[in-house]
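Reading through the structure tokens given below for one structure.
The values are calculated or read from the model by the stated rules, or taken from the named source; none is laboratory data. Note that the coordinates shown come from a computational prediction; the quantities given were computed from them, not determined experimentally. Cβ sites come from the backbone with ideal geometry, for glycine too, and all protein chains shown count toward neighbours. The protein model used for the area step is the full one, side chains on, heavy atoms only, and it has no ligands, DNA or RNA in it. Shrake-Rupley method; radii C 1.70, N 1.55, O 1.52, S 1.80 Å.
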Amino acid sequence: MTGRKRILERAVKELRDGMCVNLGIGMPTLIANMIPEDVDVMLQSENGLLGIGAYPKDIEVDPDLINAGKETVTAKAGASYFDSAESFSMIRGGHIDLAILGGMEVAENGDLANWMIPGKMVKGMGGAMDLVQGAKRIVVIMDHVNKHGESKVKKACTLPLTGQGVVHCLITDLAVFHFSESGMELVELQKGVTLDEVKAKTEADFVVSETLSVNN
Amino acid sequence: MGKVLSSLDEVIQQIEDGATIVVGGFGLCGIPEKLITSLRDKGVKDLTIVSNNCGVDDWGLGLLLENKQIKKMVASYVGENKLFEQQFLSGELEVELVPQGTLAERLRAGGAGIPAFYTATGVGTEVAKGKEHKEFDGKTYIMEKGIVGDFAFVKAWKADPFGNLVYRKTARNFNPVVATAGKVTIAEVEEIVGIGELNPDEVHTSGVYVQKVFVGENYEKRIERLTTANA
């Protein structure tokens, strides 16, 4: 199984029946196609749709119906449309149960950087800064190390922040961490990964949960 | 009531160099295509444009970039546009990146006569620099100001002659808040119906916000990322 698939399959387990969930652009969007049939969730798209459906068949394609990644989508039964101010009232007002976002760096205090690389990338934060402040629970999914093998799980973020102390849960290809007032805790190892490997590839300080488990 | 225009020329002629224009749309969805191309054709310069995105290189607000008409862009996400990056990195273009929810709320506030508001969005980030911080119930917030444009460009699906507007699906996006936040709001629509033909319960934007209505033809409605179930 690839690292990405491990991350996504673990992330799907964060969804609970009845939740309203925002999936970030990029890797998190892929979770939409992996949700088990017995888990009924309403996916929110911050451009103004609660209840994202499947990708459309050719004949269903409608340029007036897209998700936040600007992909053509459909609306599922029970969906609603609204404007951008209302969309972010839902988000900022704490009405969205869960947001799953991509990350560039996560720090041991729960800081997240995922919107900008100075001098390299000028794209903008989109809705990420609103989501990390407003959604009830923030799960970040990302590779544990970058392409040079350096840890993306840091003592302190080096990139401009998206939010301070906002991450509740981090899922990587190696492990799952939870964040609380008392710091960062390793709660699960991905299958086939050892504690020593996680320690070696993590710059951040963390404690190991007494109930450390393996994600199968 | 004389809100319905037969051509956009008259209203575009009122827009002068240096104007601030708030523009609806998300990506290329629900953008006021006709107003943008008319403004490109008029060629006014030094514009401040407030819109969630800046189009793509050859469509939407990207047309104004290509023509070097934009002095300052206020947006939340501009990653689809190489021209944008070039003009920004060369210093030709001033950019204010605003979190998407803060941008929507700044427009809503501007249109609602609220000069500023507090939000937690952006606290502890570059967005918070230079802004007033205030604590409410132990949590820190920053002050963000409302936005009002000299003109607002809106795209809706249907209008009546009073300027009541109905949007379609996610083409609604920023359009209703943009409609409230212009000193002069111009709505372009696909269809105009008679007074009384829109169900008052289903009007999204009241005509009170709308000064001019124009019916466009042959909407391109370009799709940015065609994704289908068969793909």
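Could you please let me know if A:V140 is more than 18 Å from the chain's Cα centre (by Cα) and open to solvent by less than 10 Å² (accessible area, probe 1.4 Å)? It would help to see each step written out before you state the result.
Numbers: more than 18 Å from the chain's Cα centre (by Cα): no; open to solvent by less than 10 Å² (accessible area, probe 1.4 Å): yes.
No.
For (1) in contact (Cβ under 8 Å) with a residue 60 or more places away in the chain; (2) under 18 Å from the mean Cα position of the chain (by Cα), each residue gets a yes or a no:
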{"site": "A:M19", "(1), (2)": "yes, yes"}
{"site": "A:N22", "(1), (2)": "yes, yes"}
{"site": "A:A32", "(1), (2)": "no, yes"}
{"site": "A:E46", "(1), (2)": "yes, yes"}
{"site": "A:A54", "(1), (2)": "no, no"}
{"site": "A:D62", "(1), (2)": "no, no"}
{"site": "A:L65", "(1), (2)": "no, no"}
{"site": "A:V73", "(1), (2)": "no, no"}
> Any residue in region B:142-152 that is more than 7 Å from chain A (Cβ to nearest Cβ), of a type in the set (G, A, S), in contact with a Phe, Trp or Tyr (Cβ under 7 Å, 6 or more places away or on another chain) and under 19 Å from B:E188 (Cα atoms)?
Replying inline: no
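Within region A:168-182, identify whether any single residue is part of a loop (DSSP other than H, G, I, E, B), more than 23 Å from A:R4 (Cα to Cα), open to solvent by 30 Å² or more (accessible area, probe 1.4 Å) and modelled with pLDDT under 95, and answer yes or no.
In the first step, residues of region A:168-182 are kept if they are part of a loop (DSSP other than H, G, I, E, B); the result is A:168, A:172-174, A:181-182.
With the extra rule that they be more than 23 Å from A:R4 (Cα to Cα), the set shrinks to A:181-182.
When the remaining residues are screened for being open to solvent by 30 Å² or more (accessible area, probe 1.4 Å), the result is A:181-182.
So of that shortlist, the ones also modelled with pLDDT under 95 come out as A:181-182.
Within region A:168-182 (the criterion being part of a loop (DSSP other than H, G, I, E, B), more than 23 Å from A:R4 (Cα to Cα), open to solvent by 30 Å² or more (accessible area, probe 1.4 Å) and modelled with pLDDT under 95), the answer is yes, since at least one residue qualifies.
Suppose the filter is open to solvent by 80 Å² or more (accessible area, probe 1.4 Å) and touching a strand residue (DSSP E or B) at 6+ places or on another chain (Cβ under 6 Å); does A:V198 pass it?
Working: open to solvent by 80 Å² or more (accessible area, probe 1.4 Å): no; touching a strand residue (DSSP E or B) at 6+ places or on another chain (Cβ under 6 Å): yes.
No; evaluated as a whole, the condition is false for this residue.
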> Any residue in region B:204-219 that is within 10 Å of chain A (Cβ to nearest Cβ), modelled with pLDDT of 95 or more and either over 18 Å from the mean Cα position of the chain (by Cα) or open to solvent by less than 20 Å² (accessible area, probe 1.4 Å) (or both)?
Replying inline: yes
> Within region B:173-203, can you find the residues that are open to solvent by 40 Å² or more (accessible area, probe 1.4 Å) and either assigned to a helix (DSSP H, G or I) or under 14 Å from A:D64 (Cβ atoms) (or both)?
Replying inline: B:E190, B:E191, B:P200, B:D201, B:E202
> Any idea which of (1) within 11 Å of chain A (Cβ to nearest Cβ); (2) within 16 Å of the chain's Cα centre (by Cα); (3) of a type outside the set (D, E, K, R); (4) assigned to a loop (DSSP other than H, G, I, E, B) is the one B:I15 doesn't satisfy?
Replying inline: (1)
> Which of the residues that make up region B:154-171 are open to solvent by 40 Å² or more (accessible area, probe 1.4 Å) and either within 14 Å of chain A (Cβ to nearest Cβ) or under 15 Å from A:E86 (Cβ atoms) (or both)?
Replying inline: B:W157, B:K158, B:R168, B:K169
>> When the residues of region A:98-118 are narrowed to those that are open to solvent by 40 Å² or more (accessible area, probe 1.4 Å) and more than 9 Å from every other protein chain (Cβ to nearest Cβ), which ends up nearest to the chain's Cα centre (by Cα)?
In response: A:M104
